[in-house]
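S.K.: One structure, pasted below without further comment.
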Amino acid sequence: MGFRIMKKILVLLAVSFPNIIIAQEARQSYWKHSGTSYLNLTQSSFSSWAAGGENSIAVGVGINNIRLIYNKNKISWENGLTLGYGLQYQGSDRSKTNDVIDFFSKLGYKAFGKFDYATQILFKTQFDKGYPRYPITPESRYNSKFMSPASGTLSIGFDYKPFNGFSLVLSPISGKYTFVLDDSLSKIGVYGVKPNRHSYYELGTSMRVDFNKVLLKNITLRTVMDIFSNLLRNPENADLNLEIYLNFKVTKYISSNLNLQFRYDDDIQNRGPDRGPSLQFKQVLGLGFSYNF
């Protein structure tokens, strides 16, 4: 079901997003936009291969770091969206290789020097069910799905922008909601949400670093780091999310992209041999077709 939802969203964005941009630019020049859509394919097959092997195919599709930015006088408004979904079929097995919905919106007003007053909204979730190596319970083998979990953060503070492509948002006041809307997961109590509850609220402080840089003519880098500290409970156990995106442009429509993600959240328990919270790591490498907006 999640894959069908993803396809509808991607088609809708592919059709509507360029038209929205063109309409805005026709009216005024205060808007800027950027972003990349991609389709990655990997396939392998074996026949009488002495060393052995299993036929497989992997498909990845998404839109990466779409930005829609408004600037006029002292007001700035920046919106960003990343969607990604990948599947691998190996024999009769199917598994996810990528699954992300990541949106942010930041409204700024010029304060002084290189500082803006800023209000920021962050939202993260996924499209489809996730099946871990170590299930939560034998009855509920999946441990995640759309809006389970999902996180939304509202922050108020200052945005420091010393040069183009760099932003440091410091928020002394931040509210964070974690949602688990699936009933079977809610009964167990996961991702910091208590059993039979569907949400969990935290009040704290946060910091977000967003860095974009063209390293070479055909190589671009984006690094995003989010830190949140819950002032009401164990403020020393801050949540960390670090993402690194590298895009290598081979030709106009062929590119390779690398995504590295490091995450630590004291409320997410490792259910393997080393139980308890731990540093999580994800790496996605793709080669395929791409189109820059």
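The values are calculated or read from the model by the stated rules, or taken from the named source; none is laboratory data. The shown structure was predicted, so the numbers you read here are calculated from the model rather than taken from an experiment. In this analysis, Cβ positions are derived from the backbone assuming ideal geometry, glycine residues included, and neighbour counts consider all displayed protein chains.
S.K.: Looking at N237, N241, N270, N257, which is the one that is within 20 Å of N65 (Cα to Cα) and modelled with pLDDT under 95?
M.R.: Step by step, each of N237, N241, N270, N257 is checked, and only N257 is within 20 Å of N65 (Cα to Cα) and modelled with pLDDT under 95.
S.K.: List the pairs whose first member sits in region 229-254 and is farther than 17 Å from S151 by Cα, whose second member is surrounded by 12 or more Cβ atoms within 10 Å (Cβ to Cβ) and of a type in the set (D, E, K, R), and whose Cβ atoms are under 6 Å apart, counting only residues at least 6 apart or on separate chains?
M.R.: From residues that are farther than 17 Å from S151 by Cα, the pairs are N237/D266; Y245/R222.
S.K.: For region 180-195, which positions are surrounded by 19 or more Cβ atoms within 10 Å (Cβ to Cβ) and either within 18 Å of D266 (Cβ to Cβ) or of a type in the set (A, V, I, L, M, F, W, C) (or both)?
M.R.: Within region 180-195, V180, L185, V190, Y191, G192, V193 meet the criteria.
S.K.: Name the residues in region 158-178 that are touching a residue at least 40 places away in the same chain (Cβ under 8 Å) and assigned to a strand (DSSP E or B), would you?
M.R.: F158, D159, Y160, F166, S167, L168, V169, S171, S174, K176, T178
S.K.: Still on this structure, please answer the following. So in region 55-107, with the set limited to residues that are within 16 Å of the chain's Cα centre (by Cα) and surrounded by fewer than 17 Cβ atoms within 10 Å (Cβ to Cβ), which one is modelled with the lowest pLDDT?
M.R.: Checked region 55-107; the qualifying residue modelled with the lowest pLDDT is R67.
S.K.: Over 30 Å from Y109 (Cα atoms) and modelled with pLDDT of 95 or more: is that true of F179 in this structure?
M.R.: Considered against the rule, which asks whether it is over 30 Å from Y109 (Cα atoms) and modelled with pLDDT of 95 or more, F179 comes out as yes.
S.K.: Let me ask something else about it. Which pairs have Cβ atoms under 6 Å, sit 6 or more apart or on different chains, and link a residue in region 105-130 that is under 24 Å from K72 (Cβ atoms) and in contact (Cβ under 8 Å) with a residue 12 or more places away in the chain to one that is part of a loop (DSSP other than H, G, I, E, B) and among the charged types (D, E, K, R)?
M.R.: Y109/K74; K110/K74; K114/K161
S.K.: Right, something else. Quick check on this structure: which one of V250, V169, V224 is under 30 Å from T36 (Cα atoms) and modelled with pLDDT under 95?
M.R.: V250
S.K.: With respect to the numbered conditions (1) in contact with a Lys or Arg (Cβ under 8 Å, 6 or more places away or on another chain); (2) exposed (fewer than 14 other Cβ atoms within 10 Å of the Cβ), which one is the sole condition not fulfilled by G113?
M.R.: Here G113 clears every test but (1).
S.K.: Can you spot a residue in region 114-126 that is over 13 Å from the mean Cα position of the chain (by Cα), under 21 Å from V180 (Cβ atoms) and acidic (D, E)?
M.R.: Within region 114-126 (the criterion being over 13 Å from the mean Cα position of the chain (by Cα), under 21 Å from V180 (Cβ atoms) and acidic (D, E)), the answer is no, since none of the residues qualifies.
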